[in-house]
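Engineer: Here it is: the structure, laid out below.
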Amino acid sequence: MTGPDADFKTVTDLVAGLLAGVDDEQLAASTPCGEYRVGQVVNHFLGLTLAFTAAARGERGPYNDAPPETPAPTPPAEWRARLAEQLDTLAAAWAEPAAWEGDATAGGVTFPAAIMGLVGLNEVAIHGWDLAKATDQPYDLDPATIEILTTFVAQDADDQEARDGIYAPPVDPAPDATPQDRLIALTGRNPEWRR
């Protein structure tokens, strides 16, 4: 599964399924994503879905030309419906084969679209895990997505300078870690994280 074969829809549907399980009281709760609280992860999702949709469409503008800012702690009203819709739109945009051709820009950075698509898929998948862990919900990425993202994230696993600002140093997973836990550990998160 590479390039246009990467299945955004499976991952965006998984994340969308978490939204109803996030109580407003949990928005201030901690997450595995550094200093981000649940509300900040939600706001990050609202921004990244717009940025990577624009990237897939080859657009340039306010959603994807500037580096992301630290998300606000409180998401806007009706964020669940809005984020669910944006996740669907993101998946549809990357379902187009043309999205994976040429160059694409997100977060003020331009990469070949085939790479940017994987960056976007990784963002959705890993922050989905953050949201699930922080709100005590089950989260199981499909094996094909785990495989492609593990290969993608592992490319820079030994080069922390290249990872700075993106991931903390990789965590050593348990000997009996699942493939998903090994992926999470590669992103510098502790697969055993608990709120």
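Engineer: Working only within the stretch 14-44, note down all residues that are surrounded by fewer than 20 Cβ atoms within 10 Å (Cβ to Cβ), not in a loop (DSSP other than H, G, I, E, B) and not hydroxyl-bearing (Ser, Thr, Tyr).
Structural biologist: Once the filter is applied, which keeps residues that are surrounded by fewer than 20 Cβ atoms within 10 Å (Cβ to Cβ), not in a loop (DSSP other than H, G, I, E, B) and not hydroxyl-bearing (Ser, Thr, Tyr), the stretch 14-44 yields Ala16, Leu19, Ala20, Gly21, Asp24, Glu25, Gln26, Ala28, Arg37.
Engineer: Right, here's the next one. From Ala29, Ala55, Ala93, Ala84, which residue is touching a residue at least 40 places away in the same chain (Cβ under 8 Å) and within 22 Å of Trp193 (Cα to Cα)?
Structural biologist: Only one candidate qualifies: Ala29.
Engineer: Out of (1) more than 17 Å from Pro173 (Cα to Cα); (2) outside any helix (DSSP H, G or I); (3) modelled with pLDDT under 95; (4) among the charged types (D, E, K, R), what's the single condition that is false for Asp136?
Structural biologist: Tallying (1) more than 17 Å from Pro173 (Cα to Cα); (2) outside any helix (DSSP H, G or I); (3) modelled with pLDDT under 95; (4) among the charged types (D, E, K, R), Asp136 fails exactly one: (3).
Engineer: Would you pick out the residues in the stretch 167-193 that are surrounded by 13 or more Cβ atoms within 10 Å (Cβ to Cβ), without any contact (Cβ under 8 Å) to a residue 40 or more places away in the chain and part of a loop (DSSP other than H, G, I, E, B)?
Structural biologist: Tyr167, Pro170, Val171, Pro173, Ala177, Thr178, Gly188, Pro191, Glu192, listed by residue number.
Engineer: Now for a different question. Starting from the stretch 1-13, keep only residues that are in a loop (DSSP other than H, G, I, E, B) and modelled with pLDDT of 85 or more, then list their pairs with residues that are among the charged types (D, E, K, R) and exposed (fewer than 15 other Cβ atoms within 10 Å of the Cβ) whose Cβ atoms are within a distance under 9 Å, requiring at least 6 positions of separation or different chains.
Structural biologist: Hits for this filter: Asp7/Asp142.
Engineer: Quick one: would you say Phe45 is within 14 Å of the chain's Cα centre (by Cα) and under 16 Å from Leu131 (Cβ atoms)?
Structural biologist: yes
Engineer: Identify, by number, the condition in (1) more than 19 Å from Thr31 (Cα to Cα); (2) in contact (Cβ under 8 Å) with a residue 24 or more places away in the chain; (3) part of a helix (DSSP H, G or I); (4) of a type in the set (Val, Ile, Thr) that Thr105 doesn't meet.
Structural biologist: (3)
The values are calculated or read from the model by the stated rules, or taken from the named source; none is laboratory data. Just so it is clear, the structure is predicted and the values come from calculations on it, not from any experiment. When we count neighbours, we look across all protein chains shown, and the Cβ atoms used for this are built from the backbone with ideal geometry, even at glycine.
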